[in-house]
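Below is one structure, written out as structure tokens, with a few remarks after it.
No value in this document is a laboratory result; all are computed from the given coordinates. Values in this document were obtained by computation on a predicted structure and should not be read as measured data. In this analysis, Cβ positions are derived from the backbone assuming ideal geometry, glycine residues included, and neighbour counts consider all displayed protein chains.
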Amino acid sequence: MDTKTRNKALIEEVLSAYPEKSAKKRSKHLSVHEEGNSDCGVKSNIKSLPGVMTIRGCAYAGSKGVVWGPIKDMIHISHGPVGCGQYSWASRRNYFIGVTGVNAFGTMQFTSDFQEKDIVFGGDKKLDKLMDEVETLFPLNNGLSVQSECPIGLIGDDIEAVSKKKAKAIGKTIVPVRCEGFRGVSQSLGHHIANDAVRDYVLEGSEGKTKGFESTPYDVAVIGDYNIGGDAWASRILLEEMGLRVIAQWSGDGTLKEMEATPKAKLNLIHCYRSMNYISRYMEEKYNIPWLEYNFFGPTKIAESLRAIAAQFDDKIKEGAERVIAKYQPMADAVIAKYKSRLEAKTVMLYVGGLRPRHVVGAYEDLGMEIVGTGYEFGHNDDYQRTTHYVKDSTLIYDDVTAYELEKFVETVKPDLVGSGIKEKYVFQKMGIPFRQMHSWDYSGPYHGYDGFAIFARDMDMAINSPVWSKTKAPWKK
Amino acid sequence: MSQSAEKVLDHMNLFRAPEYTEMFESKKTCFEGGHPDIKVQEIADWTKSMEYREKNFAREALVINPAKACQPLGAIFASVGFEGTLPFVHGSQGCVSYFRSHFSRHFKEPSSAVSSSMTEDAAVFGGLNNMVDGLANSHSLYKPKMIAVSTTCMAEVIGDDLDSFIKTAKQKGSIPEEFDVPFAHTPSFVGSHITGYDNMMKGVLTHFWEKAKRKENKKINFVGGFDGYTVGNLREIKRMFDLMGLDYTILGDNSDVFDTPTDGEFRMYDGGTKLEDAKAALNAKGTVFMQQYGTEKTAEYVKSKGQEALVFNHPVGVTATDEFLMAISKLTGKEIPDALEKERGRLLDAMADSQAYFHGKRFAIYGDPSLCMGLTAFLLEMGAEPVHVLATNGNKDWGVAMQALLDASPFGQGCKAWAGKDLWHMRSLLATEPVDFLIGNTYGKFLERDIGTPLIRIGFPVFDRHHHHRSPVWGYQGSLNVLVKILDKIFDEMDKSTNVAGKTDYSYDIIR
């Protein structure tokens, strides 16, 4: 049976486990890629079915966990009951440099810890008082954001009014964010809501705050890099080396001041399109700043991206890009020489969020590996369109995959490596299949940039070629 | 360039290379808009002052770094202790992703649970359809023997009624009429994860017991409570009970599902209390509760059914374990066997060997309320001083009981229980009334870094050390593990503070 036929049969098989109504709905999210098509043949950004064990999160996770949380000099208040802030406390590894609790707050959990009385009587007064307490205890904070949890929108609190009043009284930026977890179908709407809050409460009126900013023709902003394990740093270094000036990082290791200065950029460079295309489009419209998607995973895509970025500038930068490529390519070649023979022809199934289900494909291919299945937790159709440039014919595609489907897919496809998240990791390792977390880089990283590629290659090698996987069956078992 | 194929540097070392440190400095100076270093230092020092402590303790609205999670986490923990049980959390779906991640990060194991994935329309119209479709999907896909339903705060705020929803779902044919679906309302804005455990445990027992008639037998039940060491602890309890020759039922035995083998097969369900046994547990003579705080309602419930409830506070050490075993012996009429008495003697032997290193050492402890009490009692037994004992989810009653425990010991004089406080309060306590060691979960590492108090990891969650949950902290054997864990840190610190050659090396002893 060829791969395409097998994959189609596999999809039919998993669908048969669902009640009829649900099978019909899920069938639209599973597909086998046909080369030449304009998308991957799946519907996306649709409500998850109840009870199926979706891997998705919520709008709060998209706003607090992804977009806002990494802004290090602001205090992000998880507004509502204790849980949301607790489970997302310091777990995403967006690295930053600062004195925690004094001028940086990225690995702290600030919450209004709602009690029953707050639900009954509303939490606005508590929020008002809480902001004063923040200001007393953390005078070097440069601003606040209010990250709404589910109850806020349900009990009719007016966090906008409280924020406005307190911003005036305290004299700092205070950003109310309506990212209640029940809004939308996944993290994705949370990204969008968070982007809109940046637009309305940071960029709006930022002109006055950038007086004295001295522009250069080479000012760029890095958008949609959350600095997981230091990704944004391993990217920034390349951009600076080619002669550009990175005036802002969104949002890994970022600050409020950097966000405010971004309208001064000549070009916005977008890594995670999914989570920050909104604000980039806005800046294009409002400030005429063009934006460019780039990909810093693996030397092939890095070189392509460096040249594409340089093409937006003058010869000095173009030469700079060539200089950077010439400097790092020998190291990348040495990495490939070291690991490719151990990884050649190994197959990989991915299931991640944001940009990674497509962006990392090139890095695997640089090592001679092949992607045989991929899918997005919270992608939209434009993600699946972009994915066609990365995946081959017959690749298994799964949108908002359920735990049941992914397990069955992996069981049949038998990839040499699965790349997904913490909830999936141990499922597949129990099955004896090498696994890497591709959200947190499995506590490693960075994976971006040339420096990151060396780590990526090492990590994939140590996952796949670890001796432990050869021992999953007891030797006396036939 | 510091990176090379020969010696791949990851974040631990890469970013210490000069090309990066220079880049960080220029980013900071040119773009970040931060405060001057001198100001940062001034404020950093001020946060450790008594003046700051007073302002910090004056907080009424803001909670910073709490040592507690929310109810449905505990409900899931209780649910997966029953055979083939799928936890089903009614409400927003993001919560369930968080719960599953949280358990996987602690146990390094899969954690299976489903959500009814309620969104805006459910917020308006209620989540009945989500329950009806969700139960059908879960039942078809994951073939559970039981589905245990709890709630997120979304479903609680809009007032969804689980009892009627589940009945309606059955009427609509989502799941068979006779299929077991215990439930518990678990609002996140009441109590903490330990409350959720209690509610779910009571929910399961109510489901099985409410319509049954009790016929007392000689068995006993055991309820561990929410426990990060459940894998090691429940196995240790079973070993001790087997040594005593008891006939018992562990209610909510999740020691296998959080410790499945790597043998080529993923077990979504493993072990757990048999549903038949959970039903029959009504007939037991009594039920043993290992953690008073976080099982109050379940304890009341078993008493209301005519059972005796034996209630403990996470016993650690000789006296606490003695009392635990004697109470069980009294309840069941079974003797404490020589084998356990010998273990007792070995524990005491170890304690005697090491007590000099504990004596007079000052400790701070935080964690779930019963855990705090168990560890405190053990430290007092060793002659150590538990100076600050803090439970974010400890209520007033706990505060009183904890203080009484401290006051009753000569080593507890001047020591204080802190109910309802968080880890930012603890930071002020450590800064203004320093101690030698801190006992707490992984989040304590931020305190260790800020204040310099060495952290001994005992609690939940422990994300940044592996496999601790596999070793018990209950019983004589478990107490020995606690002893060694604390002692190792004491010795490590002695070595670390005496290892400068030519300066402090005279105390760098090879025999201690």
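The table for this structure:
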| item | result |
| --- | --- |
| Cα convex hull of segment B:156-248, projected area averaged across orientations, nm² | 8.6 |
| Amide H contacts under 5 Å for A:A248, placed H, 5+ residues apart | A:V222 |
| Exposure proxy order (Cβ contacts within 10 Å, fewest to most) of B:E381, B:E335 | B:E335, B:E381 |
| Neighbour cut-off at most 12 other Cβ (10 Å), DSSP loop, GluC sites (Glu not before Pro), segment B:236-295 | B:E265 |
| Relative contact order computed over chain B (Cα-Cα under 8 Å; 6+ residues apart), in percent | 15 |
| Fraction of the pair-distance distribution of segment A:59-184 above 16 Å, Cα-Cα pairs, percent | 57 |
| Unit charges on C-beta of K, R, D, E only; dipole of the protein assembly as shown, Debye | 1140 |
| Bridge type composition, the protein assembly as shown - antiparallel percent by DSSP, nearest 5 | 10 |
| Gap separating the Cα centres of segment B:349-366 and segment B:236-258, nearest whole Å | 30 |
| Longest site-free stretch - chain A; sites: chymotrypsin sites (Phe, Trp or Tyr not before Pro), DSSP loop, at most 15 other Cβ within 10 Å | A:214-475 |
| Mean residue ellipticity (222 nm) of chain A, computed from DSSP H runs ≥ 4 via -39,500 (n - 2.57), nearest 500 | -12500 deg cm²/dmol |
| Karplus 3J(HN,Hα) series, Hz, for segment B:247-256 with 6.51 cos²θ - 1.76 cosθ + 1.60 (x for Gly, Pro) | 9, 9, 10, 7, 8, x, 8, 9, 6, 8 |
| Average other protein chain Cβ within 10 Å of Cβ, residues A:105-112 | 4 |
| Listed pairs A:K340/A:K477; A:K340/A:K473; A:K64/A:K126; A:K477/B:K274; B:K396/B:K416 exceeding 25 Å between Cα atoms | A:K340/A:K477; A:K340/A:K473; A:K477/B:K274 |
| Loop-resident sites, segment B:451-510, for chymotrypsin sites (Phe, Trp or Tyr not before Pro), counting at most 16 other Cβ within 10 Å (DSSP) | B:Y508 |
| Space enclosed by the convex hull of the alpha-carbon atoms of segment A:158-270, per residue, Å³ | 115 |
| All-pairs Cα distance distribution in segment A:312-367, expressed in whole percent, bin size 5 Å | 4, 15, 17, 16, 16, 17, 10, 5, 1 |
| Cα centroid separation - segment A:426-468 against segment A:375-390, whole Å | 23 |
| Nearest-ten-degree value, helix B:338-358 long axis tilted from longest Cα axis of chain B | 30 |
| Solution diffusion estimate, µm²/s, Stokes-Einstein, segment B:443-501, Kirkwood Rh from C-alpha pairs, 25 °C, viscosity 0.890 mPa s | 190 |
| Amide hydrogen neighbours beyond the local backbone of A:I174, cut-off 5 Å, H modeled | A:L144 |
| Semi-axis lengths, Å, segment B:331-389, gyration tensor of Cα atoms, sqrt of 5 times eigenvalues | 26, 18, 6 |
| Order of B:S97, B:S471, B:S174 - criterion: other Cβ atoms within 10 Å of each residue's Cβ, fewest first | B:S471, B:S174, B:S97 |
| Value of D in µm² per second that Stokes-Einstein yields for segment A:210-321, Kirkwood Rh from Cα pairs, at 10 °C (1.306 mPa s) | 114 |
| Semi-axis lengths (Å, descending) of the ellipsoid that matches the C-alpha gyration tensor of segment B:282-361 | 31, 17, 6 |
| Antiparallel DSSP beta bridges within chain A, percent to nearest 5 | 10 |
| Segment B:335-485 - Rg and Dmax from Cα coordinates, angstrom | 15.3, 50 |
| Cα-only Debye scattering, the protein assembly as shown: base-10 log of I(q)/I(0) at q = 0.05, 0.07, 0.09 Å⁻¹ | -0.30, -0.60, -1.03 |
| Built amide H within the under 5 Å cut-off of B:I439, gap 5+ | B:A364, B:I365, B:Y366, B:I456 |
| Segment B:287-298 - phi-based ³J(HN,Hα) in whole Hz, Karplus 6.51/-1.76/1.60, Gly and Pro as x | 10, 9, 10, 7, 9, 3, 7, x, 9, 4, 5, 5 |
| Value of Rg to Rh for segment A:169-228 (Rh from inverse mean 1/r over Cα pairs, i.e. Kirkwood) | 1.06 |
| Neighbour-count ranking [beta-carbon atoms within 10 angstrom, fewest first] of B:I158, A:I371 | B:I158, A:I371 |
| Quotient of Cα Rg and 2.2 N^0.38 Å for segment A:386-457, N being how many residues it contains | 1.21 |
| Of A:K8/A:K392; B:K145/B:K285; B:K215/B:K279, pairs whose Cα-Cα distance is over 19 Å | B:K145/B:K285 |
| Evaluated at q = 0.12 Å⁻¹: base-10 log I(q)/I(0), Debye formula over Cα of chain A | -1.09 |
| Bins of 10 Å from zero: percent of alpha-carbon pairs in segment A:289-388 | 15, 38, 32, 15, 1 |
| Helix axis angle, B:193-209 relative to chain B longest principal axis, alpha carbon, degrees | 20 |
| Kirkwood-type radius of chain B, with distances r between different C-alpha atoms, in Å | 24.9 |
| Kirkwood Rh and Cα Rg combined as Rg over Rh, evaluated for segment B:1-127 | 1.15 |
| Value at 222 nm in deg cm²/dmol, rounded to 500, when DSSP H runs of n ≥ 4 in chain B each add -39,500 (n - 2.57) | -14500 deg cm²/dmol |
| For segment B:84-177, diffusion coefficient by Stokes-Einstein and Kirkwood Rh (Cα), 10 °C, 1.306 mPa s, µm²/s | 118 |
| Rg/Rg_globular for segment B:1-43, with Rg_globular taken as 2.2 N^0.38 Å and Rg from C-alpha atoms | 1.55 |
| Cα-projected label distance for B:L348 with B:E493, points at 7 Å along beta-carbon direction, nm | 2.8 |
| Rounded to whole Hz, the Karplus (6.51, -1.76, 1.60) HN-Hα couplings of segment A:53-60, x for glycine and proline | 6, 5, 8, 5, x, 9, 4, 4 |
| Relative contact order, percent, segment A:210-321 [alpha-carbon distance under 8 Å, six or more residues apart] | 27 |
| Inter-centroid distance (Cα atoms) of segment B:302-318 relative to segment B:63-100, Å | 24 |
| Two-decimal log10 I(q)/I(0) for segment B:379-467, as the Debye equation yields it once each C-alpha is a single scatterer, q = 0.11, 0.15 Å⁻¹ | -0.31, -0.58 |
